[in-house]
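K.L.:
There's a structure below that I have some questions on.
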Amino acid sequence: MGDFGFELIPELQGPLRAGYTGTVGPFGEVRVLAPYSGPGEEPPRRATVTGDGFPDAVFSGGAANRPSLDGGMLKIDEVAVDLELKVKGVRKGSRWLEIRHQGHAYTYEAAGWTARLRRDGLDVTTGRGRYIPEVGGTRLGRVEGDATATDLALALVLEEVDTSVLTTSGALFAIPLRFLFGRQRDEGSPE
């Protein structure tokens, strides 16, 4: 399968963006959702990828109101994905996520509005797209190399996960919070 691009359109839950929908090349339609809780309810901390051409991907848990890399867990078709945060410092490019699943090793980086998932022979990037009035900004994706539906499910589910622990500002913000409050976090649901 060759290189291709795609665009994801925001999906709203009331006035808030709760995810994205779109067509991802030959893999077809996809929904990437992280719904919000109602007033007074516990936040769901859950992001999902669904579509006929994709495996079911569920990211749950974390330290924030949204699903978060800081303490969350990922499953694809009910199989746990090994996630390991790598930290070499606070500067840009010194924090990344290592992912291992089904014999593949990936690296995932996020900075600002851009994210990148890589493995041997594959590079998936996502970034800001065009603005649609009353809906919000789209996400543009680019796939270079031979992608599988699982590769894309990994990249897409992380679009709705708080990845601020990978950014310089997120790293700087986390230092005083961890000092003051420790590592209080939700490790995700085992379901």
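K.L.:
Just going by the charge dipole of the stretch 113-155, with Lys and Arg at +1 and Asp and Glu at -1 on Cβ, which of ALA147, PRO133, GLY121 is farthest out on the positive end?
P.N.:
Final value for the positive-end residue is PRO133.
K.L.:
Follow-up. Ignoring ligands and nucleic acids, what accessible area does ASP123 show with a 1.4 Å probe (Å², nearest 10)?
P.N.:
We get 30 Å² for ASP123.
K.L.:
A further question on this structure: What number comes out for the charge environment of GLY19, summing +1 per Lys or Arg and -1 per Asp or Glu over other residues with Cβ under 12 Å away?
P.N.:
Here the charged neighbours net out to +2.
K.L.:
Scan the stretch 45-129 for chymotrypsin sites (Phe, Trp or Tyr not before Pro) in coil per DSSP, keeping those whose Cβ has at most 13 other Cβ atoms within 10 Å, and list them by number.
P.N.:
Here the sparse-neighbourhood loop sites are TRP113.
K.L.:
Sticking with this structure for a sec: With labels modelled as points extended 7 Å from the Cα through the Cβ direction, what inter-label distance (nm, one decimal) is found for THR23 paired with GLU84?
P.N.:
4.0
K.L.:
Also, quick follow-up: Could you compute the net charge surrounding ASP52? Neighbours are other residues with a C-beta less than 13 Å from the C-beta of ASP52; K and R count +1, D and E count -1.
P.N.:
-1
K.L.:
Sticking with this one: Using a 1.4 Å probe on the protein heavy atoms only, what accessible surface does ILE132 show? Give it in Å² to the nearest 10.
P.N.:
Looks like 40 Å² after rounding.
K.L.:
Filter the trypsin sites (Lys or Arg not before Pro) in the stretch 37-116 to those in DSSP coil with at most 11 other Cβ atoms within 10 Å of their Cβ, and list the result.
P.N.:
LYS88, ARG91
K.L.:
On the full set of protein chains, 1.4 Å probe, figure out the accessible area of THR167 and give it in Å² to the nearest 10.
P.N.:
Result for THR167: roughly 30 Å² accessible.
K.L.:
Largest first, please: the extent of the C-alpha atoms of the stretch 80-169 along each principal axis, to the nearest Å.
P.N.:
Between the extreme Cα coordinates on each principal axis of the stretch 80-169 lie 42, 33, 23 Å.
K.L.:
First compute the accessible area of the stretch 112-163 with a 1.4 Å probe, then give the percent of it belonging to carbon and sulfur atoms.
P.N.:
49
The values are calculated or read from the model by the stated rules, or taken from the named source; none is laboratory data. Owing to the predicted nature of the structure, the values given are computational and were not obtained by experimental measurement. Every residue, glycine as well, gets a Cβ built from its backbone with ideal geometry; the counts of neighbours run over all protein chains shown. Note: accessible area is taken over every heavy atom of the protein model, side chains too, but ligands, DNA and RNA are not part of it. Shrake-Rupley method; radii C 1.70, N 1.55, O 1.52, S 1.80 Å.
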